[in-house]
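Heads up: the structure comes next, in C-alpha cells.
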Amino acid sequence: MSLRTLVTDPDGFFAARQDDDSLAGPAAVVVAHALLALAGTVVILQAVGDVVTAGDAASIVYASGGQRVSAPRDIVLSLWATGALYFALWVAVAVVAYLVSLYFDGEGSFRRLLGFVGWTFVPTLVPTALRAVTMAAVFLDAPEFATEAALQEWVRGEVVGHPTRLAATAVRPFFTLWMVYLWVLAAKYGRDLTRRQASVAVALPGALASLNAVGTLAALAGRALGLV
C-alpha cells in the first residue's frame with residue numbers, strides 16, 4: 001500500500017498493514033520532519049552570521065517559526081531539540097493510546113501501534129516542508145547585516161509578514177487535525193479497537209493537538225483583524 005492510499009483510503013492503508021511490524025517507514029517520516037526543521041534553522045544561522053546577540057536571537061528565530069532561545073549557541077542546541085521533539089511526540093502518542101487501550105482489552109503489539117502512529121505524521125510534512133523551503137529562500141536571499149538593528153528591521157519587513165510563511169502557518173492546523181483523525185485509525189487498527197474505543201484512546205493527545213491548531217487559527221485571525 002502506497003502513501004497515496006493513506007490519503008485516499010486511510011482505513012485500507014492501516015488494515016493492509018496489520019501484519020507489518022516494521023518501523024523503517026514510520027521512522028523515515030518522523031526523521032523527515034526533523035531534518036526539515038533542522039535545515040531551515042541552519043539556513044537562518046548562516047544568514048544572521050555574527051551580528052546576533054543573546055537579546056536578538058530569540059526574536060529572530062521566533063519570528064521565523066522556530067523556538068524561543070537566548071543565544072546563537074542555544075539556536076544550535078534547539079536544532080537537536082526540535083528533532084527530538086518529533087520523536088518524543090511519536091512515542092508519547094503511541095504510549096498513551098496503548099495504555100488506554102488496555103482498558104478495552106485491545107490486541108496487537110506496541111510495536112505495531114508505534115509504527116501506525118508514525119505513519120500519521122505524513123500529512124504535516126506538507127506545511128513543515130512549505131515553511132522550511134520558504135525560510136530557506138528568504139534567508140538565502142538576505143543581505144549582509146552590519147548591525148543588529150538592521151537585522152531586526154529586515155526580519156520585521158521580510159520575514160514576519162511573508163505571505164508564504166503566513167500561508168504555511170494558516171494551513172498547518174488543518175493538517176494537524178487530519179493527523180489527529182489518523183491517530184484514531186492508528187489506534188483502531190494497531191490495537192484492534194472499535195472506532196469509538198480508538199477515539200477514547202487518543203483523546204488526550206488529540207485534544208491537545210486540536211486546541212493548539214484552533215489557537216493558531218485564532219491568533220492568525222486576530223492578527224489579520226488587527227491589520228484591517
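Applying the selection to region 107-120, what residues are crowded, with 22+ Cβ neighbours inside 10 Å and either assigned to a loop (DSSP other than H, G, I, E, B) or over 20 Å from the mean Cα position of the chain (by Cα) (or both)?
Correct list: Arg112, Thr120.
Just one of Thr164, Thr147, Thr134, Thr124 is open to solvent by less than 20 Å² (accessible area, probe 1.4 Å), over 19 Å from Val29 (Cβ atoms) and either at pLDDT 95 or above or not hydrophobic (A, V, I, L, M, F, W, C) (or both); which is it?
Thr134
State the number of residues belonging to region 22-47 that are modelled with pLDDT of 90 or more and within 14 Å of Tyr86 (Cβ to Cβ).
Residues that pass the stated criteria total 7.
Here are the criteria: (1) among the hydrophobic types (A, V, I, L, M, F, W, C); (2) surrounded by 14 or more Cβ atoms within 10 Å (Cβ to Cβ); (3) at pLDDT 85 or above. Tell me which single one Val7 does not satisfy.
Failing condition for Val7: (2).
Here are some conditions: (1) farther than 18 Å from Ala88 by Cα; (2) surrounded by fewer than 16 Cβ atoms within 10 Å (Cβ to Cβ); (3) free of Cβ contacts under 8 Å to residues at least 24 places away in the same chain; (4) not small (Gly, Ala, Ser). Val184 meets all but one. Which one does it not meet?
(2)
Would you mind finding the one in Asp74, Asp50, Asp19 that is more than 23 Å from Thr124 (Cα to Cα), modelled with pLDDT under 75 and outside any helix (DSSP H, G or I)?
Going through Asp74, Asp50, Asp19 in turn, just one is more than 23 Å from Thr124 (Cα to Cα), modelled with pLDDT under 75 and outside any helix (DSSP H, G or I): Asp50.
The values are calculated or read from the model by the stated rules, or taken from the named source; none is laboratory data. Keep in mind that this is a model prediction, so the values were computed, not measured. Virtual Cβ from ideal backbone geometry, glycine too; neighbours counted across all protein chains shown. Accessible surface is based on the protein model in full, side chains and every heavy atom, while ligands, DNA and RNA are left aside. Shrake-Rupley method; radii C 1.70, N 1.55, O 1.52, S 1.80 Å.
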